[in-house]
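Please read the structure below before turning to the comments.
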Amino acid sequence: MYRETSRRNAKLRSPRLIVSLLFISASLVQFGAALPASAQEKPGASGVINTSPEICTIAFSDVRPTDYFYEAVRSLYCVGAIGGYPDGTFRPNVVSTRGQLSKIIVISKGWGLISPPSPSFPDVQRDNPFYAYVETARAHGIIAGYSDGTFRPNANVTRGQLAKVVVLTEGWPLLYPARATFTDVPPSHTFFTFVETAVAHGAISGYADGSFRVGTNATRGQISKMIYLASSSTVLSAEERQTVDLINQRRASMGLGQLQVNMSLTQAARRHSSDIGPARLCQHEGTDGSSPWDRIAQAGYAGIAMGEVVGCNFPTPQSVVDGWWASPGHYAILVDAAAVNIGCGWWIGPDGYGWQTCDTGR
């Protein structure tokens, strides 16, 4: 366990657990509890609930409620990830660049900006408007450069590249199905596993002729839709499902009710794991300064946020749930009889070890 004074920015070298509890002892991280609906979070306060966010609307002249990308554009616009043009249009059919995609991803995920003194790519210097976004995306492991060392921020993004970036952003384990979903993306294709993984999570679809058109440039409308669907995917990864199942199995053996998966809580949990995992941090605070309650509210959870448990550097759902169960603080929040909902998110590193976050609510 980490105390509040020692947990921040702690680089992880062995499996650890941290917890944000409804009630916790002095030896645990004191982060928060649910308060009445009128409560607002303040530094050092015992916690907050999630209140329903104010509804945000868009008024682009070329984005209608009947368009397939309408809700995606609205959602990303409302978090500041995308914008329109001075003439009041969004231009959904215009293609986007690698620099623009980096900015959209970083803002939509709520990642704190990283601006190192020396650039990672010779063609993205510190005075480039996308510098901090490219560096942040690189630090999170979702983008890379070319063999000549460049990033090419002004190059257009293809649908195949977009699929790869989305999968890496969400931290989904790669899938290798025996049969290809699309006629033009066979198992031997560079983007095969990324495309198939994105399909399995409901983040992408193809064309009426059965193709995906992996080399076609992605439009602003398509990019918005894919990022939105990925972040709100109703499909749990195998690790996420197993984590929830293990928790519910143990609750059932105690005569407690089953926790229902809530995708808003899942989105908040995924965001945090994907944030601290690449940085090898073990903490409740996001690199952007967000608290669990901030992330849960921003994900749109309409209930009361109750608690958060985090596991760092565990290889399997069984190992992290065993760890939580052996810790009084984590155990208390996971067996709370008042809890109704749960959302668990995993980020898995190149070494196969994961960062796990579970948020609960009612």
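The values are calculated or read from the model by the stated rules, or taken from the named source; none is laboratory data. Please read all numbers here as calculations on a predicted model, not as lab measurements. Heads up, the Cβs are rebuilt from the backbone with ideal geometry, glycines too, and the neighbour counts pull from every protein chain shown. Accessible surface areas use protein heavy atoms only, side chains included; no ligands, DNA or RNA. Shrake-Rupley method; radii C 1.70, N 1.55, O 1.52, S 1.80 Å.
Some notes on this structure:
- Check on residue 355, under 14 Å from residue 276 (Cβ atoms), assigned to a strand (DSSP E or B), in contact (Cβ under 8 Å) with a residue 24 or more places away in the chain and open to solvent by 10 Å² or more (accessible area, probe 1.4 Å): no
- Each residue in segment 69-102 was checked for being surrounded by 13 or more Cβ atoms within 10 Å (Cβ to Cβ) and not hydrophobic (A, V, I, L, M, F, W, C), and 15 of them qualify.
- Residues located in segment 196-224, provided they are open to solvent by 20 Å² or more (accessible area, probe 1.4 Å) and aromatic (Phe, Trp, Tyr): 207
- Qualifying positions in segment 177-195 - surrounded by 13 or more Cβ atoms within 10 Å (Cβ to Cβ) and part of a loop (DSSP other than H, G, I, E, B): 177, 180, 181, 182, 184, 185, 189, 191
- Residues in segment 110-165 that are within 21 Å of residue 278 (Cβ to Cβ), of a type in the set (D, E, K, R) and open to solvent by 50 Å² or more (accessible area, probe 1.4 Å): 138, 164.
- Enumeration of residues in segment 276-323 that are open to solvent by 10 Å² or more (accessible area, probe 1.4 Å), in contact with a strand residue (DSSP E or B) (Cβ under 7 Å, 6 or more places away or on another chain) and among the β-branched types (Val, Ile, Thr): 304
- Some residue of segment 248-264 being touching a residue at least 60 places away in the same chain (Cβ under 8 Å), in contact with a Ser or Thr (Cβ under 8 Å, 6 or more places away or on another chain) and either farther than 26 Å from residue 136 by Cα or open to solvent by 40 Å² or more (accessible area, probe 1.4 Å) (or both): yes
- Residue list for segment 211-270, restricted to those being assigned to a loop (DSSP other than H, G, I, E, B), at pLDDT 90 or above and among the hydroxyl-bearing types (Ser, Thr, Tyr): 211, 216
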